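Have a look at the structure below before the remarks.
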There are 2 protein chains.
Amino acid sequence: MPKSMFYGSISSPKIDVTVDMGNPFLNRTVDGFLKIGTVAASRVAVEETYQCVQKGSISKAKFEDALKKMCKEGAYWGTVAGVYVGMEYGVERIRGRRDWKNAMLGGAITGLLISAASNNRRDKVVKDAIAAGAVATAVEFVSYLT
Amino acid sequence: MPKSMFYGSISSPKIDVTVDMGNPFLNRTVDGFLKIGTVAASRVAVEETYQCVQKGSISKAKFEDALKKMCKEGAYWGTVAGVYVGMEYGVERIRGRRDWKNAMLGGAITGLLISAASNNRRDKVVKDAIAAGAVATAVEFVSYLT
(Lines give C-alpha, C1' and ligand atoms only; values in the text may rest on other atoms or scores of the structure.)
Protein backbone atom coordinates (compact mmCIF):
# COMPACT_ATOMS: atom_id res chain seq x y z
CA MET A 1 0.00 0.00 0.00
CA PRO A 2 1.99 2.97 -1.16
CA LYS A 3 -0.57 5.40 0.22
CA SER A 4 -0.16 4.37 3.84
CA MET A 5 3.62 4.50 3.44
CA PHE A 6 3.25 8.03 2.12
CA TYR A 7 1.25 9.12 5.15
CA GLY A 8 3.55 7.31 7.53
CA SER A 9 6.53 9.26 6.32
CA ILE A 10 4.76 12.56 6.92
CA SER A 11 3.56 12.04 10.45
CA SER A 12 6.53 10.16 11.85
CA PRO A 13 9.22 12.80 12.43
CA LYS A 14 9.41 13.83 16.09
CA ILE A 15 11.90 16.65 16.06
CA ASP A 16 13.47 17.26 19.44
CA VAL A 17 17.20 17.17 18.92
CA THR A 18 18.88 19.86 20.99
CA VAL A 19 22.54 20.73 21.03
CA ASP A 20 23.82 22.94 23.84
CA MET A 21 26.53 25.31 22.65
CA GLY A 22 26.63 27.15 25.99
CA ASN A 23 25.42 30.40 24.41
CA PRO A 24 21.79 31.39 23.78
CA PHE A 25 22.62 33.01 20.44
CA LEU A 26 24.42 29.93 19.11
CA ASN A 27 21.85 27.59 20.65
CA ARG A 28 19.03 29.23 18.72
CA THR A 29 20.99 29.29 15.49
CA VAL A 30 21.88 25.60 15.74
CA ASP A 31 18.34 24.73 16.79
CA GLY A 32 16.91 26.60 13.82
CA PHE A 33 19.39 24.97 11.47
CA LEU A 34 18.56 21.44 12.68
CA LYS A 35 14.79 21.85 12.83
CA ILE A 36 14.24 23.65 9.57
CA GLY A 37 16.88 21.56 7.85
CA THR A 38 14.94 18.46 8.89
CA VAL A 39 11.70 19.96 7.58
CA ALA A 40 13.30 20.75 4.22
CA ALA A 41 14.86 17.27 3.98
CA SER A 42 11.45 15.73 4.77
CA ARG A 43 9.86 17.83 2.06
CA VAL A 44 12.31 16.47 -0.52
CA ALA A 45 11.76 12.94 0.79
CA VAL A 46 7.98 13.27 0.49
CA GLU A 47 8.21 14.80 -2.96
CA GLU A 48 10.55 12.11 -4.23
CA THR A 49 8.35 9.41 -2.69
CA TYR A 50 5.36 10.90 -4.46
CA GLN A 51 7.24 10.80 -7.76
CA CYS A 52 8.27 7.18 -7.19
CA VAL A 53 4.71 6.18 -6.25
CA GLN A 54 3.40 7.91 -9.34
CA LYS A 55 5.88 6.26 -11.67
CA GLY A 56 5.72 2.96 -9.78
CA SER A 57 9.46 2.37 -9.95
CA ILE A 58 12.51 3.12 -7.83
CA SER A 59 16.15 2.79 -8.84
CA LYS A 60 19.38 3.06 -6.86
CA ALA A 61 20.53 6.07 -8.86
CA LYS A 62 17.26 7.87 -8.16
CA PHE A 63 17.51 7.11 -4.45
CA GLU A 64 21.04 8.47 -4.28
CA ASP A 65 19.95 11.54 -6.19
CA ALA A 66 17.11 12.10 -3.73
CA LEU A 67 19.47 11.73 -0.80
CA LYS A 68 21.85 14.28 -2.27
CA LYS A 69 18.97 16.69 -2.88
CA MET A 70 17.75 16.21 0.71
CA CYS A 71 21.15 17.18 2.09
CA LYS A 72 21.44 20.18 -0.19
CA GLU A 73 17.98 21.58 0.48
CA GLY A 74 18.19 20.76 4.17
CA ALA A 75 21.46 22.66 4.47
CA TYR A 76 20.10 25.64 2.54
CA TRP A 77 16.81 26.00 4.45
CA GLY A 78 18.66 25.26 7.67
CA THR A 79 21.18 28.02 7.03
CA VAL A 80 18.50 30.57 6.21
CA ALA A 81 16.47 29.62 9.29
CA GLY A 82 19.53 29.52 11.54
CA VAL A 83 20.68 32.96 10.42
CA TYR A 84 17.15 34.34 10.78
CA VAL A 85 16.57 32.96 14.27
CA GLY A 86 19.98 34.18 15.40
CA MET A 87 19.44 37.63 13.90
CA GLU A 88 15.94 37.97 15.34
CA TYR A 89 17.35 37.14 18.77
CA GLY A 90 20.21 39.58 18.26
CA VAL A 91 17.83 42.37 17.20
CA GLU A 92 15.63 41.62 20.21
CA ARG A 93 18.61 41.87 22.57
CA ILE A 94 19.78 45.13 21.01
CA ARG A 95 16.33 46.77 20.87
CA GLY A 96 15.22 45.31 24.22
CA ARG A 97 11.67 44.81 22.92
CA ARG A 98 9.60 42.01 21.40
CA ASP A 99 7.41 43.06 18.48
CA TRP A 100 7.00 42.62 14.76
CA LYS A 101 9.84 45.06 14.01
CA ASN A 102 12.30 42.45 15.30
CA ALA A 103 11.00 40.04 12.69
CA MET A 104 11.25 42.69 9.99
CA LEU A 105 14.79 43.70 10.87
CA GLY A 106 15.90 40.10 11.43
CA GLY A 107 14.41 39.11 8.09
CA ALA A 108 16.02 42.04 6.31
CA ILE A 109 19.46 41.28 7.78
CA THR A 110 19.06 37.59 6.90
CA GLY A 111 18.08 38.45 3.33
CA LEU A 112 21.05 40.80 3.10
CA LEU A 113 23.52 38.21 4.39
CA ILE A 114 22.22 35.28 2.35
CA SER A 115 21.98 37.37 -0.81
CA ALA A 116 25.43 38.91 -0.30
CA ALA A 117 26.88 35.45 0.36
CA SER A 118 25.48 34.21 -2.96
CA ASN A 119 27.54 36.83 -4.81
CA ASN A 120 24.59 38.88 -6.00
CA ARG A 121 24.85 42.45 -7.26
CA ARG A 122 24.35 45.26 -4.77
CA ASP A 123 21.00 46.10 -6.27
CA LYS A 124 19.72 42.53 -5.93
CA VAL A 125 21.03 42.31 -2.35
CA VAL A 126 18.96 45.31 -1.26
CA LYS A 127 15.87 43.95 -3.01
CA ASP A 128 16.33 40.56 -1.37
CA ALA A 129 16.71 42.24 2.02
CA ILE A 130 13.45 44.17 1.49
CA ALA A 131 11.63 41.03 0.33
CA ALA A 132 12.97 38.94 3.22
CA GLY A 133 11.99 41.63 5.72
CA ALA A 134 8.47 41.68 4.27
CA VAL A 135 8.19 37.89 4.35
CA ALA A 136 9.37 37.77 7.96
CA THR A 137 6.87 40.49 8.93
CA ALA A 138 4.08 38.64 7.15
CA VAL A 139 5.03 35.42 8.92
CA GLU A 140 5.06 37.19 12.27
CA PHE A 141 1.54 38.52 11.66
CA VAL A 142 0.30 35.13 10.50
CA SER A 143 1.67 33.47 13.62
CA TYR A 144 -0.27 35.96 15.78
CA LEU A 145 -3.44 35.20 13.84
CA THR A 146 -3.25 31.41 14.09
CA MET B 1 17.82 63.49 2.75
CA PRO B 2 16.52 60.51 0.86
CA LYS B 3 17.82 58.10 3.49
CA SER B 4 15.68 59.38 6.35
CA MET B 5 12.64 59.32 4.07
CA PHE B 6 13.39 55.71 3.31
CA TYR B 7 13.48 54.77 6.99
CA GLY B 8 10.39 56.78 7.77
CA SER B 9 8.37 54.84 5.27
CA ILE B 10 9.38 51.52 6.82
CA SER B 11 8.57 52.17 10.46
CA SER B 12 5.34 54.13 10.05
CA PRO B 13 2.64 51.53 9.28
CA LYS B 14 0.50 50.70 12.33
CA ILE B 15 -1.66 47.86 11.19
CA ASP B 16 -4.77 47.41 13.29
CA VAL B 17 -7.71 47.42 10.94
CA THR B 18 -10.30 44.84 11.99
CA VAL B 19 -13.47 43.92 10.18
CA ASP B 20 -16.06 41.87 12.05
CA MET B 21 -17.82 39.41 9.77
CA GLY B 22 -19.67 37.75 12.67
CA ASN B 23 -17.92 34.42 12.10
CA PRO B 24 -14.50 33.43 13.50
CA PHE B 25 -13.52 31.63 10.31
CA LEU B 26 -14.31 34.60 8.08
CA ASN B 27 -12.85 37.06 10.59
CA ARG B 28 -9.50 35.33 10.48
CA THR B 29 -9.49 35.08 6.73
CA VAL B 30 -10.30 38.77 6.26
CA ASP B 31 -7.81 39.72 8.96
CA GLY B 32 -5.06 37.70 7.28
CA PHE B 33 -5.94 39.18 3.90
CA LEU B 34 -5.80 42.76 5.16
CA LYS B 35 -2.67 42.43 7.28
CA ILE B 36 -0.54 40.45 4.88
CA GLY B 37 -1.86 42.41 1.91
CA THR B 38 -0.69 45.58 3.64
CA VAL B 39 2.72 44.07 4.30
CA ALA B 40 3.08 43.07 0.64
CA ALA B 41 1.96 46.49 -0.56
CA SER B 42 4.47 48.10 1.80
CA ARG B 43 7.20 45.88 0.43
CA VAL B 44 6.49 47.07 -3.12
CA ALA B 45 6.34 50.68 -1.92
CA VAL B 46 9.71 50.38 -0.19
CA GLU B 47 11.28 48.65 -3.16
CA GLU B 48 10.00 51.23 -5.61
CA THR B 49 11.13 54.03 -3.30
CA TYR B 50 14.59 52.48 -3.19
CA GLN B 51 14.70 52.37 -6.97
CA CYS B 52 13.59 56.00 -7.24
CA VAL B 53 16.15 57.09 -4.66
CA GLN B 54 18.84 55.21 -6.51
CA LYS B 55 17.95 56.68 -9.87
CA GLY B 56 17.21 60.07 -8.37
CA SER B 57 14.10 60.65 -10.45
CA ILE B 58 10.39 60.00 -10.21
CA SER B 59 7.79 60.25 -12.96
CA LYS B 60 4.01 60.04 -12.95
CA ALA B 61 4.00 56.91 -15.08
CA LYS B 62 6.40 55.19 -12.68
CA PHE B 63 4.27 56.14 -9.70
CA GLU B 64 1.16 54.74 -11.30
CA ASP B 65 3.01 51.59 -12.20
CA ALA B 66 4.15 51.20 -8.59
CA LEU B 67 0.60 51.70 -7.32
CA LYS B 68 -0.70 49.06 -9.69
CA LYS B 69 2.04 46.65 -8.58
CA MET B 70 1.22 47.33 -4.92
CA CYS B 71 -2.42 46.38 -5.45
CA LYS B 72 -1.52 43.26 -7.40
CA GLU B 73 1.06 41.96 -4.94
CA GLY B 74 -1.03 42.98 -1.96
CA ALA B 75 -4.01 41.06 -3.29
CA TYR B 76 -1.91 37.98 -4.07
CA TRP B 77 -0.10 37.77 -0.72
CA GLY B 78 -3.32 38.67 1.05
CA THR B 79 -5.22 35.86 -0.67
CA VAL B 80 -2.55 33.31 0.16
CA ALA B 81 -2.41 34.45 3.79
CA GLY B 82 -6.18 34.62 4.12
CA VAL B 83 -6.64 31.13 2.75
CA TYR B 84 -3.84 29.81 4.98
CA VAL B 85 -5.14 31.41 8.17
CA GLY B 86 -8.67 30.20 7.42
CA MET B 87 -7.49 26.68 6.62
CA GLU B 88 -5.26 26.47 9.68
CA TYR B 89 -8.23 27.47 11.81
CA GLY B 90 -10.45 24.95 10.03
CA VAL B 91 -7.92 22.15 10.53
CA GLU B 92 -7.59 23.09 14.20
CA ARG B 93 -11.37 22.92 14.66
CA ILE B 94 -11.61 19.58 12.91
CA ARG B 95 -8.63 18.00 14.68
CA GLY B 96 -9.40 19.64 18.03
CA ARG B 97 -5.70 20.11 18.75
CA ARG B 98 -3.09 22.85 18.38
CA ASP B 99 0.27 21.65 17.12
CA TRP B 100 2.58 21.90 14.14
CA LYS B 101 0.51 19.40 12.17
CA ASN B 102 -2.22 22.04 11.82
CA ALA B 103 0.30 24.32 10.14
CA MET B 104 1.47 21.51 7.88
CA LEU B 105 -2.05 20.50 6.83
CA GLY B 106 -3.21 24.10 6.51
CA GLY B 107 -0.19 24.95 4.39
CA ALA B 108 -0.67 21.89 2.20
CA ILE B 109 -4.37 22.69 1.61
CA THR B 110 -3.51 26.32 0.87
CA GLY B 111 -0.81 25.29 -1.61
CA LEU B 112 -3.25 22.89 -3.21
CA LEU B 113 -5.99 25.51 -3.56
CA ILE B 114 -3.77 28.33 -4.80
CA SER B 115 -1.95 26.07 -7.23
CA ALA B 116 -5.18 24.51 -8.51
CA ALA B 117 -6.71 27.97 -8.89
CA SER B 118 -3.77 29.06 -11.08
CA ASN B 119 -4.58 26.29 -13.55
CA ASN B 120 -1.48 24.23 -12.92
CA ARG B 121 -1.11 20.60 -13.93
CA ARG B 122 -2.05 17.93 -11.36
CA ASP B 123 1.61 17.05 -10.84
CA LYS B 124 2.57 20.64 -10.09
CA VAL B 125 -0.41 21.05 -7.76
CA VAL B 126 0.71 18.14 -5.56
CA LYS B 127 4.30 19.43 -5.52
CA ASP B 128 3.11 22.91 -4.56
CA ALA B 129 0.98 21.42 -1.79
CA ILE B 130 4.00 19.52 -0.43
CA ALA B 131 6.21 22.62 -0.64
CA ALA B 132 3.59 24.85 1.00
CA GLY B 133 3.08 22.33 3.80
CA ALA B 134 6.83 22.24 4.41
CA VAL B 135 7.11 26.03 4.41
CA ALA B 136 4.20 26.34 6.85
CA THR B 137 5.78 23.71 9.13
CA ALA B 138 9.13 25.50 8.98
CA VAL B 139 7.45 28.82 9.82
CA GLU B 140 5.63 27.22 12.75
CA PHE B 141 8.93 25.90 14.15
CA VAL B 142 10.66 29.24 13.62
CA SER B 143 7.88 31.06 15.47
CA TYR B 144 8.37 28.71 18.44
CA LEU B 145 12.10 29.41 18.41
CA THR B 146 11.88 33.19 18.33
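The values are calculated or read from the model by the stated rules, or taken from the named source; none is laboratory data. Remember, it's a predicted structure, so these values are computed and weren't measured experimentally. Here Cβ is always computed from backbone atoms with ideal geometry, including for glycine, and neighbour counts include all displayed protein chains. Only protein heavy atoms, including side chains, enter the accessible area calculation; ligands, DNA and RNA are left aside. Shrake-Rupley method; radii C 1.70, N 1.55, O 1.52, S 1.80 Å.
Among the residues of region B:29-59 satisfying the criterion of being assigned to a helix (DSSP H, G or I) and open to solvent by 70 Å² or more (accessible area, probe 1.4 Å), which is modelled with the highest pLDDT? Among those residues, the one meeting the criterion is B:F33.
Step by step: first the residues of region A:96-111, then only those that are away from every other protein chain (no Cβ under 12 Å) and surrounded by fewer than 19 Cβ atoms within 10 Å (Cβ to Cβ), then the one that is farthest from B:V46 (Cα to Cα). Which residue is that? So the residue we want is A:G96. A:A136 satisfies every condition listed in (1) under 26 Å from B:D99 (Cβ atoms); (2) surrounded by fewer than 21 Cβ atoms within 10 Å (Cβ to Cβ); (3) not assigned by TED's automatic domain parsing to the domain that holds A:R28 except (2). Among all residues of region A:118-127, there is none that is of a type in the set (G, A, S) and in a helix (DSSP H, G or I).
Name the residues in region A:117-146 that are under 18 Å from the mean Cα position of the chain (by Cα) and aliphatic (A, V, I, L, M), would you? Within region A:117-146, A:A117, A:A129, A:A131, A:A132, A:A134, A:V135, A:A136, A:A138, A:V139, A:V142 meet the criteria.
Within region B:73-89, at least one residue is in a helix (DSSP H, G or I), touching a residue at least 60 places away in the same chain (Cβ under 8 Å) and either out of contact with any Ser or Thr (no Cβ under 8 Å at 6 or more places or on another chain) or within 8 Å of chain A (Cβ to nearest Cβ) (or both). A search for C-beta distances below 7 Å between a residue of region A:130-146 that is more than 7 Å from chain B (Cβ to nearest Cβ) and any residue that is of a type in the set (S, T, N, Q) and buried (at least 23 other Cβ atoms within 10 Å of the Cβ), counting only pairs 6+ apart in sequence or on different chains, returns A:A132/A:T110. Within the set B:V125, B:V135, B:V142, the sole residue that is of a type in the set (V, I, T) and touching a Leu at 6+ places or on another chain (Cβ under 8 Å) turns out to be B:V125. Out of everything in region B:60-95 that is of a type in the set (F, W, Y) and either modelled with pLDDT under 90 or in contact with a His (Cβ under 8 Å, 6 or more places away or on another chain) (or both), what residue ends up being surrounded by the most Cβ atoms within 10 Å (Cβ to Cβ)? Top of the filtered list is B:Y89.
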